[in-house]
Amino acid sequence: VLREIWLAKGLRLKDTATDQLSTAFISKVGRDESDISLSRFEVLLDRLHVSYNEFSYRKNNYALNHQAIFLKQLSQYMGNDDICGLRSLYEQEQNLLAIENNRNTTSFHNMTLVQCCLAEIQKAPLPQESIQQLQHFLLNTDSWGIYELRLFNNAMFIFPNDILSPLLHTVIERSKVYLDLLGYTELLSTLFGNALELLITRNQLETANFISVTALKTLDFEHITLSNIKVIFFSKILRINSAKDVMACDDI
């Protein structure tokens, strides 16, 4: 894949060489005759002007990774109330879990999400044991990267208010180290917008106000996105509610 990239970019070996990467070494890597360390691999990607995500996308024959496909299908099936599709998705993750044989894996968390979506559509009781295991995983993760944000964003609705509030405080505290990561604040903005909508719907206005204040301090509103608009919209609703000022609706 690396060889395909530098050929597609019209680069010569000497264009990508550095003190750490000789032309001879790069040539061996390109012919699959030598392994490459992570540190050297990162340097090579930088010299090729390619992000790791782009490399991974090319490596997977221009296909999304498994988790991205799963979340896309989950959203589609949930939006269409497609019970058969959700059950098929559950069986897919169940089969993967049987291979992995580890309850603290992506597949196990995905099964929990599907279970909860099915319960929501069928108006059935949510699987409490699975919810508790997911809660335990999120609360005991020291930093919330992209995986944890996506997982919580899709699972938010399953948590009762007494659990949702501490989880929201947790994500704010444990997401700080990733704020400069490309694409991270956009995902965080989506999470804040969904959280505000859910909290206002549940009449949890104190927590909603806390999330609103945090979001307005944390996010970059110079670049308007749909998720940012959602945050601003619900923040305005909270202010109207607290001021009891009907005329303030004009602001929205």
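Taken together, the values in this text are just the output of simple stated rules run on the coordinates, not laboratory data. Remember, predicted model here, so these are calculated numbers, not experimental data. With ideal geometry, Cβ positions are generated from the backbone for all residues, glycine too; neighbour counts draw on all protein chains shown.
Quick notes on this structure:
- In the chain, taking the dipole from charged Cβ atoms about the Cα centre, the farthest positive-side position among I229, S130, S27 is held by S27.
- Applying 1/(1 + (r/R0)^6) with r as the Cβ-Cβ distance of I229 and T23 and R0 = 51 angstrom yields a FRET efficiency of 0.55.
- Taking 16 Å as the straight-line reach from the Cα of K236, the aspartates and glutamates in range (excluding those fewer than 8 positions away in the same chain) are E197, E206, D245, D250, D251.
- Projecting the Cα positions of T16, A195, S175 onto the charge dipole of the chain (unit charges on Cβ atoms of Lys, Arg, Asp and Glu, taken about the Cα centre) puts T16 furthest along the positive direction.
- Neighbourhood net charge (15 Å Cβ-Cβ; Lys/Arg +1, Asp/Glu -1) for L226: -2
- Computed helical MRE - 222 nm, the chain, DSSP H runs ≥ 4 contributing -39500 (n - 2.57), nearest 500: -21000 deg cm²/dmol
- Across segment 131-252, the mean sequence separation of Cα contacts (distance under 8 Å, 6 or more residues apart), normalised by length, yields a relative contact order of 22 percent.
- Sorted on the mean count of surrounding Cβ atoms within 10 Å across their residues, most packed first, peptides 140-146, 153-159, 26-32 read 153-159, 26-32, 140-146.
- If you take all other residues with their beta carbon under 14 Å from the beta carbon of L139, and give Lys and Arg +1 and Asp and Glu -1, the sum is -3.
- FRET efficiency for Q133 and I240, using Cβ-Cβ distance with R0 set to 41 Å, rounded to 0.05: 0.60
- When you restrict to C-alpha pairs under 8 Å that are six or more residues apart and normalise by the size of the chain, the relative contact order lands at 10 percent.
- GNM on the chain, alpha-carbon springs under 10 angstrom: the most fluctuating residue among L179, L71, L138 is L179.
- Here each label is just a point 7 Å from Cα along the line to Cβ, and for L7 and E120 those points are 4.6 nm apart.
- GNM result for the chain, Cα springs below 10 Å: residue of V213, V50, V171 fluctuating most strongly: V50
- Cα-projected label distance for N60 with D15, points at 7 Å along beta-carbon direction, nm: 2.8
- Restricting the trypsin sites (Lys or Arg not before Pro) of segment 108-213 to loop positions (DSSP other than H, G, I, E, B) with no more than 12 neighbouring Cβ atoms within 10 Å leaves K123.
- Enclosed volume per residue, in Å³, of the convex hull spanned by Cα atoms of the chain: 178
- Extension gain from K176 to A68, taking 0.36 nm per residue of separation minus the Cα-Cα distance: 36.5 nm
- Kyte-Doolittle at least 0.0, axis length at least 27 Å by Cα - qualifying DSSP helices, the chain: none
- Mean Cα-pair separation over length for segment 1-117, i.e. relative contact order, pairs under 8 Å, 6 or more apart, %: 17
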